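The block underneath contains the structure these notes are about, expressed in structure tokens.
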Amino acid sequence: MSEVVKTSGHYPDLQGKIAIVTGGATGIGFAIARALSHQGMRVAIGDINEDAARAAARQLGEGHVAFGLDVRSRESVETGFRWVEDTLGDYHLLIANAGVSTMQKALEITDDEWDFNLDVNTRGVFLTNQIAARKFVARRSGTIVNTASLAAKVGAPLLAHYSASKFAVLGWTQALARELAVDGIRVNAVCPGFVKTGMQSREVEWEAGLRGMTPDEVIADYIRQTPLGRLEAPEDVAEVVAFLSSDAARFMTGQGVNVTGGVYTG
Ligand SMILES: NC(=O)c1ccc[n+]([C@@H]2O[C@H](COP(=O)([O-])OP(=O)(O)OC[C@H]3O[C@@H](n4cnc5c(N)ncnc54)[C@H](O)[C@@H]3O)[C@@H](O)[C@H]2O)c1
């Protein structure tokens, strides 16, 4: 886990409200959960790795909870989100962050690999957003932030299936934002670059194999592509997510905000 960086922005409107963070047991999701807890939110961490989610909630301290969640299943999302309401009360914020990747040359991608990436990354965002948004619209209050990717803006070699799943997240985010604006619900996404997490460690090994490089050479290549000159930390993303979650971003909706250290500037 990366070094703890305390969130520097301060968003008093988040204080005392309840957030659900999917895929919040590790990596970017955990950094987001921690940033929101620093804002005084109570956080419910939903993750397919329930033990890790419980450990993460314990690390955040009192008032934070964890639940087992498979974002691919409508039943799991409905049951989990209802449990959060029964346990903590009405939630105000959904961070749809759970995601997976595999790496493969486009011509070698199997049906199973395609389905795995699309089911978690795209269907998972659809289900969690829809179930939360029904509540938010009924209450005319609530905010959604989805974790997309640099690969949602530029097709990434060896990640064609993952790129497709993340481009879809941005399309969904834009359309949902435009539909729900009338109800006062904001929907945005963040697009991280090369973030140092478990997902990245797995990708570095795969990419090294597929490109005939060493893992160190792959990491050096990520840094070379990053104008700000280092790997991204999960906290770099979490800072922006806290901002987008807050009233400070009250006039932003339907955006896919790049947080890449300058890798992508479009
Ligand atoms: N690491 C990067 O470089 C990077 C870059 C851009 C975008 N992202 C995106 O950021 C998000 C977080 O990735 P990360 O790097 O922290 O990866 P990670 O593997 O460290 O964390 C992903 C979390 O999602 C959980 N998860 C996986 N499948 C799930 C499911 N079906 N239901 C519920 N939870 C599930 C995992 O258990 C894990 O805790 C993902 O959406 C990923 O695509 C990552």
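The values are calculated or read from the model by the stated rules, or taken from the named source; none is laboratory data. Everything numeric here is computed off the predicted structure, so don't read it as measured data. Using ideal geometry, Cβ is built from the backbone for each residue, glycine included, and neighbour counts are taken over all protein chains shown. For the accessible areas, the whole protein counts, side chains as well, though only heavy atoms, and no ligand, DNA or RNA atoms are used. Shrake-Rupley method; radii C 1.70, N 1.55, O 1.52, S 1.80 Å.
Note on the chain: with neighbouring protein chains present and a 1.4 Å probe, carbon and sulfur make up 52 percent of its accessible heavy-atom surface.
Modelled this way, with points 7 Å down the Cα-to-C-beta line, the labels at residue 175 and residue 15 are 4.0 nm from one another. Candidates 26, 15, 61 compared by Cα position along the dipole of the range 1-78: farthest toward the positive end lies 15, with charges placed on Cβ. Per residue, the chain exposes 45 Å² of accessible surface when a 1.4 Å probe is rolled over the protein heavy atoms with every protein chain present.
To the nearest 10, the accessible area of residue 230 is 130 Å² with a 1.4 Å probe. Relative intensity of the chain on a log10 scale, I(q)/I(0) at q = 0.16 Å⁻¹, equals -1.22, per a Debye sum over C-alpha point scatterers of equal strength in the absence of solvent.
Against the chain, whose longest principal axis is taken from its Cα atoms, helix 74-88 shows a tilt of about 50°.
Backbone amide hydrogens, once placed in the peptide plane, bring residue 259 within less than 5 Å of 191, 193, excluding anything fewer than 5 places away on its chain. Pairwise Cα distances in the range 83-142 exceed 17 Å for 52 percent of all pairs. Estimated from helical segments only, the mean residue ellipticity of the chain at 222 nm is -14000 deg cm²/dmol, where each DSSP H run of four or more residues counts as -39500 (n - 2.57). Surface listing: 126, 136 arranged by accessible area from highest to lowest gives 126, 136, probe 1.4 Å.
Overall, the chain carries a charge dipole of about 840 debye about its Cα centre when +1 sits on the Cβ of Lys and Arg and -1 on the Cβ of Asp and Glu, all other atoms neutral.
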